[in-house]
1. Could I get the Rg over Rh figure for the range 179-293? Both from C-alpha atoms, Rh via Kirkwood, rounded to two places.
2. In the chain, if the dipole is taken from +1 on Lys/Arg beta carbons and -1 on Asp/Glu beta carbons about the Cα centre, which of 297, 236, 4 is farthest to the positive end?
3. What does the charge dipole of the range 179-293 about its Cα centre add up to, to the nearest 20 debye, if the Cβ of each Lys and Arg holds +1 and the Cβ of each Asp and Glu holds -1?
4. To the nearest 20 Debye, how big is the dipole of the chain about its Cα centre, given +1 on the beta carbon of each Lys and Arg and -1 on that of each Asp and Glu?
5. At R0 = 22 Å, how high is the FRET efficiency between residue 290 and residue 223 if r is their beta carbon distance? Nearest 0.05 is fine.
6. What helices in the chain pass both tests, a Cα length along the helix axis of 30 Å or more and a mean Kyte hydropathy of -1.0 or higher, using whole DSSP H runs?
7. Mind scanning 110/292; 57/88; 110/176; 57/288 and naming the pairs with a C-alpha gap bigger than 28 Å?
8. Quick check on the exposure proxy: order 194, 355, 139 from fewest to most C-beta atoms within 10 angstrom.
Amino acid sequence: MSVPDLKSQFAALIAAPSVSCTQPNWDQSNQSVIDLLASWLTDLGFQCEVQQVVPGKANLLATYGSGPGGLVLAGHSDTVPFDAALWKTDPLKLSEVGDRWYGLGSCDMKGFFPLAIEAVRGLLDRPFRQPLMILATCDEESSMAGARALAASGRPLGRAAVIGEPTGLRPIRLHKGVMMERIDILGQSGHSSDPRFGHSALEAMHAVMSDLIELRGEWQQEFRNPLFNVPQPTLNLGCIHGGDNPNRICGQCSLEFDLRPLPGMSPETLRAVIRQRLRPVAEHYAVKIDYKPLFPAVPPFEQSAESDLVRLAERLTGHAAEAVAFGTEAPYLQQLGCETLVLGPGDIACAHQPDEHLELSRIEPTVALLRQLIQHYCL
């Protein structure tokens with residue numbers, strides 16, 4: 001089987017649904033995407049290893065050449081859910097409209113894989129002194145299970161790793177962490193006419209929310225990084241559910257919140273501080289408080305400005321490395337010993353949106369940039 005051309009690869013990947021979502025009715029396998037990439041890369045001479053993470057979910061590590069060092073071109077194979085009614089085109093079909101390719105995953109970020117393949121295709125007649133690895137992970141848009149499984153395996157990868165998330169071809173060396181947390185309070189319901197009949201979970205949650213807002217202020221005074229557009233850590237009280245009727249003392253209440261720590265802030269330390277604040281609230285209101293993450297935290301990420309990869313990417317792109325607020329798989333690749341950078345052709349402004357697209361003007365510069373990276377690290 002011959003490897004399809006660039007546009008056909010885009011079309012095939014977009015037509016292979018691979019939504020990952022915390023809601024089971026949306027969640028899908030990514031196996032069809034992994035199978036497509038493995039077949040193309042095998043035909044190009046890569047050694048392909050598939051890591052089963054959970055049933056129906058897999059990572060792919062494809063390697064060309066051998067030895068220590070080398071380069072990893074990395075991305076995730078899943079997409080977010082979509083609302084087809086809000087799209088002007090079919091989200092699961094590649095559509096060329098004007099100077100853009102539209103389709104779910106075109107920007108974030110299945111489209112990165114055909115560009116990486118196109119970059120290496122023109123170099124396969126030359127001897128590789130160091131290996132090139134193309135990594136495709138599962139579940140980045142939900143639990144990060146693929147990247148976490150890879151990091152847990154402890155297998156060393158390349159000297160450098162570039163993750164092709166949408167950055168407008170500007171190198172990114174820092175991002176905030178992502179923590180999504182839940183607090184459940186169990187009180188005692190009772191008749192509202194006499195407060196002695198119960199213990200209000202809602203009033204206890206009011207105290208908890210006040211403490212979280214106070215903590216947010218303290219952290220924003222203590223931590224600041226001017227490289228970020230929002231230079232402080234953020235804490236968002238996202239949703240709350242509690243009680244059932246005005247004339248009943250609220251017996252149960254739950255709160256979900258999002259915390260975005262800066263590099264240098266440890267998620268586990270932040271959680272320990274929150275737990276410390278919850279204990280006196282539970283005692284004062286005579287309620288039970290359960291606090292736990294919705295899923296494991298994505299750690300903050302920072303790659304040294306002095307690292308070879310950052311300096312090379314700045315020279316090749318003509319842009320100084322920057323910081324972004326969204327999270328990526330970068331800290332997990334860093335844990336495996338890679339100098340790591342986030343750098344890809346799409347724009348974050350159209351990621352997770354109806355009519356997701358990639359500007360055609362980005363294709364040639366991206367292929368040229370990836371080819372230069374491969375030449376530097378592998379040839």
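1. Here the Rg-to-Rh quotient is 1.06.
2. Final value for the positive-end residue is 297.
3. So the dipole magnitude of the range 179-293 works out to roughly 140 debye.
4. Its charge dipole is roughly 640 debye.
5. 0.20
6. 201-222
7. Violating the 28 Å Cα-Cα cut-off are 110/292; 57/88; 57/288.
8. Fewest-to-most ranking of 194, 355, 139: 194, 355, 139.
Read-outs throughout are calculated quantities, based only on the coordinates presented, and are distinct from any laboratory measurement. Please read all numbers here as calculations on a predicted model, not as lab measurements. We place every Cβ from the backbone using ideal geometry, glycine too, and count neighbours over all the protein chains shown.
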